[in-house]
Amino acid sequence: MSDKPPLPPFTSETAIQKARIAEDAWNSRDPQRVALAYTVDCQWRNRVEFPKGRDEIVTFLTRKWQREHDYRLIKEVWAFQGNHIAVRFAYEWHGGNGQWFRSYGNEN
């Protein structure tokens, strides 16, 4: 995997830039593009699912975006130090019946 700038240690500007790059990838709703931002052996936790590695991430996101229509994510950096960034996120989407949902959380 090649390194993708901006690289740590992060400044305020580069932490925000890194979060915006991730936000743009997620908002593309392209599972392959999103998965490339993570290591090949990455481990996720999403509620009751635990995808491991890029292939499982792609499968998870493909399934997610088949049911979550017009998905839109916003990330906001709230802390950074060295090679760590913490963001708050909010995303919204609607199901097949048109009902909208919004979720919030934190991510390191």
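Please treat every number below as a calculation from the coordinates, not as lab data. Small disclaimer: the values here were computed from a predicted structure and weren't measured. Because the Cβ atoms are built from the backbone with ideal geometry, glycine has one as well, and the counts that use them run over all protein chains shown.
Here are the numbers for this structure:
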read-out: Residues located in region 91-108, provided they are without any contact (Cβ under 8 Å) to a residue 24 or more places away in the chain, small (Gly, Ala, Ser) and farther than 27 Å from PRO9 by Cβ; value: GLY98, SER103
read-out: Breaking point among (1) closer than 30 Å to ASN97 by Cα; (2) touching a residue at least 24 places away in the same chain (Cβ under 8 Å), for PHE80; value: (1)
read-out: Index of the failed condition, TYR38 passing every other in (1) under 20 Å from PRO5 (Cα atoms); (2) in contact with a strand residue (DSSP E or B) (Cβ under 8 Å, 6 or more places away or on another chain); value: (2)
read-out: Residue identified as touching a residue at least 40 places away in the same chain (Cβ under 8 Å), in a helix (DSSP H, G or I) and farther than 18 Å from TYR91 by Cα among ALA22, ALA15; value: ALA15
